[in-house]
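**Student:** If you scroll down you'll find the structure; I have some questions about it.
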């Protein structure tokens, strides 16, 4: 099974691209980013957007065996050509009111 397949079947992340995996201090860190054809404005949902930088965030997810697993996401900052707003992409798999400290 590929890690791209694992993202979909184990974590339900079908709109994310797998970038790489790292192992730090007993943790598994899976690096991901939203597929280019799935990027859209968080405000008006238009797909007519321009990338304007990246913010990296880490999310804790279910463990694999005894190893804690983190998703290290590259969150795109997008300028919308339709509504003119510049916003971070919507993160569908995260609760926006919670954050996870770096391991």
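Every read-out reported here was derived from the displayed coordinates using simple, explicitly stated rules and does not represent laboratory data. A quick note: this is a predicted structure, and the numbers were derived from the prediction, not measured. Here the Cβ is made from the backbone with ideal geometry for all residues, glycine too, and neighbour counts use every protein chain on show.
**Student:** How would you order 37-50, 65-78 from highest to lowest mean count of nearby Cβ atoms within 10 Å?
**Tutor:** Most protected by this proxy first, the peptides run 65-78, 37-50.
**Student:** Under 10 Å, Cα contacts only: if you run a Gaussian network model on the chain, which one of 56, 79, 24 comes out with the highest mean-square fluctuation?
**Tutor:** For the chain, modelled as a Gaussian network with Cα springs under 10 Å, the answer is 24.
**Student:** Using 7 Å Cα-to-Cβ label points, what is the residue 51/residue 22 separation (nm, one decimal)?
**Tutor:** 1.9 nm
**Student:** Run the helix sum for the chain: -39,500 (n - 2.57) per DSSP H stretch of 4+ residues, divided by residue count, reported at 222 nm to the nearest 500 deg cm²/dmol. It would help to have the intermediate numbers written out before the result.
**Tutor:** Values: 1 runs with 9 residues, N = 103.
The helix-only estimate for the chain comes to -2500 deg cm²/dmol at 222 nm.
**Student:** If you average 1/r over every pair of different alpha-carbon atoms in the chain and take one over that average, what Kirkwood value in Å do you get?
**Tutor:** Working: mean 1/r = 0.0688 Å⁻¹.
One decimal place: 14.5 Å for the Kirkwood radius.
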